[in-house]
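Trainee: Starting off with a structure, shown below.
The values are calculated or read from the model by the stated rules, or taken from the named source; none is laboratory data. All figures in this text were calculated on a predicted structure; none of them were measured in a lab. For neighbour counting, all protein chains shown are included, and Cβ atoms are generated from backbone atoms with ideal geometry for every residue, glycine included.
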Amino acid sequence: GLALAAMEPRSNNRRLVLFPLPFQGHINPMLQLASILYTKGFKIIIIHTDFNSPNQSNYPQFTFRSISDGLSKSKNGGLNLETTNHAINFMNKSCIAPFTVCLAKLLEVEPVACLISDALWYFTQSVADSLKLKRIVLRTSSMSCIPVYAAFVGGEKSYFKTAIKEELALMTEKDIEKVYKNGSEKSKEELICNMIKETKAASGIIFNTFKELEEPAFLAISQDFQNPSFPIGPFHKYFPASSSSLLEQDRSSILWLDKQPVSSVVYVSFGSIAQMGEAEFTEMAWGLANSKQRFLWVIRPGSVSGSQWLESLPKGFEEEVGERGCIVKWAPQQEVLAHQAIGCFWTHNGWNSTLESICEGVPMICSPCSYDQPINARYVTDVWKVGVMLDKEMNREETGIAIKCIMEKEGSEMRERSKSLQEKVNQSMQKGGTAYQSLDNLVDCILSFSC
Ligand code: UDX
């Protein structure tokens, strides 16, 4: 607890209902936000789906209510990138009735100051309206992806015509293609358009970022949206994400890191949703081997299509890398990134991973898959200049070269640049800083709602 620990909790006894989207990259920031607002004196009620329900025993101070999501058990096991946006759109319909009933019941007991829902739970705006409740959204990604998404609302094809603003012009055609990759274009459009529309209709937007990192996007959003934005992050600087981990974090990775030299290890993880084919996985493995560097590789069970876990590792790989490599199913990522042995992070640029890496000053190798990741990656490489892009098909020679290059040459310059970002984060969270002030503004905004 950085700034918050030093503060007197302002007990106010108002109740807040929080509704996280049931995916790891969304559950982590929502539960971190819950902890932050709890410290500010609010009573916290979490409504969650049966699917991917959070571990309640880690949060005895919160009240939990579960609703059914309509996803069948068999479907749960088989969710992948291709079906994630379908699943989100599906749940935005299947949850309407159970969510409305649950929220109405809570309101019967005691008033609620407001609903805070993930921005991708777009159906909740009309539910909140019908119950005369204010809704604030939590957008778990960067602010910079909002103007890009908002431009899509006019139709993806019109993107380049409307891309007059500087920050939009950054994106390459390939980045845009990737945003749309995986799943049908129609279901992504449905998701993005509804998200933007109902985010505009909300009473405010909370972002897990800080203003200095994304000033142009902050200004663009302030101009285009009527409602206030509250960039109060990075949340993980207040509370770690480990207690909301859905998978068990393998701590043996830390013991292994303890034995490695300073800045010598490539940390590889593509988050909780990304999936890859066997051919891509093979290239990735040989790229790591060819780089001759030490590595800690998170291979999530089920993340390689057709494999339970490590069956797809190419023959001869383990003999080739020997003690140089450590593979785990899931790692305590924040601790890993903060470890002195880490030299760089080969990432898919999910926003949580990107922010966690920036805060530890770890240079990135960016292999964005889809959604907001290509946008985050473009900022990492071209604006903050703390990473290199690998945006071609996965190829062992090129990956090997990129890894070697960042570990042996470019990484140290990036670390230097990262230092100024780290200073900005710390300033922003101190009394008088922008994130600190935004958090106060958010609390005042919620307290101003009549309930
Ligand atoms: C998804 C999207 O990809 C992302 O772009 C969006 O902003 C949020 O939802 P995900 O793909 O899982 O999330 O990536 P990311 O945002 O990086 O979140 C992963 C989280 O899991 C991070 O908080 C990370 O610390 C944690 N993690 C990851 C672990 O605890 N252990 C691991 O081994 C890997």
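Trainee: Of everything in the stretch 243-273, what is loosely packed, with under 15 Cβ neighbours inside 10 Å and within 11 Å of the ligand (Cβ to nearest atom)? Give them in sequence order.
Mentor: L247, E248
Trainee: Before we move on, is I88 under 21 Å from I205 (Cβ atoms), buried (at least 21 other Cβ atoms within 10 Å of the Cβ) and either within 16 Å of the ligand (Cβ to nearest atom) or at pLDDT below 95 (or both)? Steps first, please.
Mentor: Values: under 21 Å from I205 (Cβ atoms): yes; buried (at least 21 other Cβ atoms within 10 Å of the Cβ): yes; either within 16 Å of the ligand (Cβ to nearest atom) or at pLDDT below 95 (or both): yes.
The answer is yes for I88.
Trainee: Find the residue count for the stretch 236-253, including only residues that are in contact with a strand residue (DSSP E or B) (Cβ under 8 Å, 6 or more places away or on another chain) and part of a loop (DSSP other than H, G, I, E, B).
Mentor: Restricting attention to the stretch 236-253, the residues satisfying the condition of being in contact with a strand residue (DSSP E or B) (Cβ under 8 Å, 6 or more places away or on another chain) are 250, 252-253.
Now restrict to residues that are part of a loop (DSSP other than H, G, I, E, B): 250.
Result for the stretch 236-253: 1.
Trainee: Mind checking which residues of the stretch 346-377 are assigned to a helix (DSSP H, G or I), more than 9 Å from the chain's Cα centre (by Cα) and among the hydroxyl-bearing types (S, T, Y)?
Mentor: Of everything in the stretch 346-377, just one residue is assigned to a helix (DSSP H, G or I), more than 9 Å from the chain's Cα centre (by Cα) and among the hydroxyl-bearing types (S, T, Y), namely S357.
Trainee: So which residues in the stretch 331-345 are assigned to a loop (DSSP other than H, G, I, E, B) and either more than 16 Å from the ligand (Cβ to nearest atom) or over 17 Å from N28 (Cβ atoms) (or both), if there are any at all?
Mentor: Passing the criteria: H339, Q340, A341.
Trainee: While we're looking at this one, here's another question. Any residue in the stretch 347-371 that is under 16 Å from S418 (Cα atoms) and hydrophobic (A, V, I, L, M, F, W, C) sitting within a Cβ distance under 6 Å of a residue that is part of a loop (DSSP other than H, G, I, E, B) and at pLDDT 95 or above? List the pairs, counting only those 6 or more apart or interchain.
Mentor: Final answer for the pair search is L355/P234; C359/P234; C366/N349.
Trainee: When you go through (1) under 18 Å from W121 (Cβ atoms); (2) buried (at least 21 other Cβ atoms within 10 Å of the Cβ) one by one for K197, which number turns out not to apply?
Mentor: Going through (1) under 18 Å from W121 (Cβ atoms); (2) buried (at least 21 other Cβ atoms within 10 Å of the Cβ) one by one, K197 breaks only (2).
Trainee: Moving on. If K292 satisfies every condition in (1) on the phi > 0 side of the Ramachandran plot; (2) among the charged types (D, E, K, R); (3) within 16 Å of the ligand (Cβ to nearest atom) but one, which is the exception?
Mentor: That leaves (3) as the condition not met.
Trainee: If V328 passes every condition in (1) within 13 Å of the ligand (Cβ to nearest atom); (2) crowded, with 21+ Cβ neighbours inside 10 Å but one, which one does it miss?
Mentor: In the conditions (1) within 13 Å of the ligand (Cβ to nearest atom); (2) crowded, with 21+ Cβ neighbours inside 10 Å, V328 misses (2) alone.
Trainee: I'm checking my understanding of the structure. Among residues of the stretch 367-415 that are in contact with a Pro (Cβ under 9 Å, 6 or more places away or on another chain) and among the acidic types (D, E), which one is farthest from M276 (Cα to Cα)?
Mentor: Top of the filtered list is E413.
Trainee: Filter the stretch 407-434 for residues that are touching a residue at least 12 places away in the same chain (Cβ under 8 Å) and over 24 Å from the mean Cα position of the chain (by Cα); which is farthest from M364 (Cα to Cα)?
Mentor: Looking at residues that are touching a residue at least 12 places away in the same chain (Cβ under 8 Å) and over 24 Å from the mean Cα position of the chain (by Cα), I get K431.
Trainee: Mind checking which residues of the stretch 292-325 are surrounded by fewer than 21 Cβ atoms within 10 Å (Cβ to Cβ), in contact with a Ser or Thr (Cβ under 9 Å, 6 or more places away or on another chain) and among the basic types (K, R)?
Mentor: R300
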